[in-house]
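The values are calculated or read from the model by the stated rules, or taken from the named source; none is laboratory data. Since the model is a prediction, treat every value here as computed from it, not as a measurement. Cβ: placed from backbone, ideal geometry, glycine included. Neighbour counts: every protein chain shown.
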Amino acid sequence: MRHPKFRPGRALAAVSLAAVVFVGGFAVAQVVPRSGYLGDAADKTITLVGPAPVAGSPRAEADRAIFRATRAMKGTPRWAMAQADFPTANVVANMSCAIGTKMDLATMPATLKLILQMAPDITRAVNAPKAFYARPRPYKIDPGETCGVLPASEDNFDYPSGHSAWGWAVALVLAEMLPERADAILSRGRAVGDGRAICGVHNYSSVVAGQSVAAAIVAAQHTKPQFQADFAAAKVELEAALKAAPFTEGCEAEAKVLATPAW
């Protein structure tokens with residue numbers, strides 16, 4: 001079976017550049033890393049996620065049922081949340097309610113450093129199985145409106161979801177930094193993945209696979225001294241921000257949305 005050639009630079013650019021756009025500065029673009037904390041080891045995830053669901057299998061049919069059912073969610077608060085999370089750059093900022101302070105990477109240098117260094121590992125980790133399994137996006141199988149526009153390139157594949165991996169990786173790290181807020185943080189990180197299914201741009205099994213990749217990558221990053229040092233510095237920074245400037249704007253409404261089943 002032939003598979004598209006794995007090109008790590010494409011998705012890497014998408015996630016890292018999104019972080020740069022978020023903080024809004026050319027100087028930041030100059031420090032975006034290319035190899036993350038893990039380097040080439042981050043590519044070794046094809047066996048980890050296992051094969052994508054085969055067309056007609058129970059898992060694939062369950063994915064199709066979720067896609068069809070969630071098309072009716074347009075206009076609901078969960079659809080709006082999924083739209084808000086659609087740009088990769090928004091994922092970190094949208095953790096503000098969950099962590100209890102405004103996540104502004106432009107004023108958080110230690111957290112910015114950690115986030116930018118994590119990004120290449122996550123993108124490399126999802127790129128390899130995406131290209132290997134070459135699973136079509138759900139809207140290419142069944143008709144239905146999506147809540148965002150994706151590139152039309154032929155290698156814009158579904159499995160696993162990189163966006164879901166990124167949201168879950170960020171949530172795992174933030175929850176470890178602020179264990180007293182772990183439930184809220186993990187709930188918000190899970191919602192990033194759910195939003196990809198709600199938006200109709202990923203099958204739900206691809207969301208779960210992305211989250212599995214994220215957990216493995218974050219665990220591997222913890223073995224690296226540089227990650228440990230960057231994590232410690234970011235933790236101090238976030239704890240200080242939480243104490244100095246609590247954030248509650250719109251958080252009650254967000255909590256109500258998260259308390260409702262995704263579908």
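Cβ-Cβ contacts under 9 Å between residues 6 or more apart (or on different chains), taken from a first residue in region 150-163 that is under 13 Å from GLY200 (Cβ atoms) and surrounded by fewer than 14 Cβ atoms within 10 Å (Cβ to Cβ) to a second residue that is at pLDDT 70 or above and of a type in the set (Phe, Trp, Tyr), are listed as LEU150/TYR139.
For every residue, the table says whether it meets (1) part of a loop (DSSP other than H, G, I, E, B); (2) of a type in the set (Lys, Arg); (3) surrounded by fewer than 24 Cβ atoms within 10 Å (Cβ to Cβ).
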{"residue": "HIS202", "(1), (2), (3)": "yes, no, no"}
{"residue": "SER206", "(1), (2), (3)": "no, no, no"}
{"residue": "GLY210", "(1), (2), (3)": "no, no, no"}
{"residue": "ALA216", "(1), (2), (3)": "no, no, yes"}
{"residue": "ALA219", "(1), (2), (3)": "no, no, yes"}
{"residue": "GLN226", "(1), (2), (3)": "no, no, yes"}
{"residue": "ALA229", "(1), (2), (3)": "no, no, yes"}
{"residue": "ALA232", "(1), (2), (3)": "no, no, yes"}
{"residue": "LEU242", "(1), (2), (3)": "no, no, yes"}
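Mind checking whether some residue in region 146-154 is modelled with pLDDT of 95 or more and not hydroxyl-bearing (Ser, Thr, Tyr)? Within region 146-154 (the criterion being modelled with pLDDT of 95 or more and not hydroxyl-bearing (Ser, Thr, Tyr)), the answer is no, since none of the residues qualifies.
For region 102-126, taking the residues that are of a type in the set (S, T, N, Q) and modelled with pLDDT of 95 or more, the one that is surrounded by the most Cβ atoms within 10 Å (Cβ to Cβ) is identified as THR111.
Based on what the data block shows, is ALA134 touching a residue at least 40 places away in the same chain (Cβ under 8 Å) and at positive phi? Full working, then the answer.
Details: touching a residue at least 40 places away in the same chain (Cβ under 8 Å): yes; at positive phi: yes.
Considered against the rule, which asks whether it is touching a residue at least 40 places away in the same chain (Cβ under 8 Å) and at positive phi, ALA134 comes out as yes.
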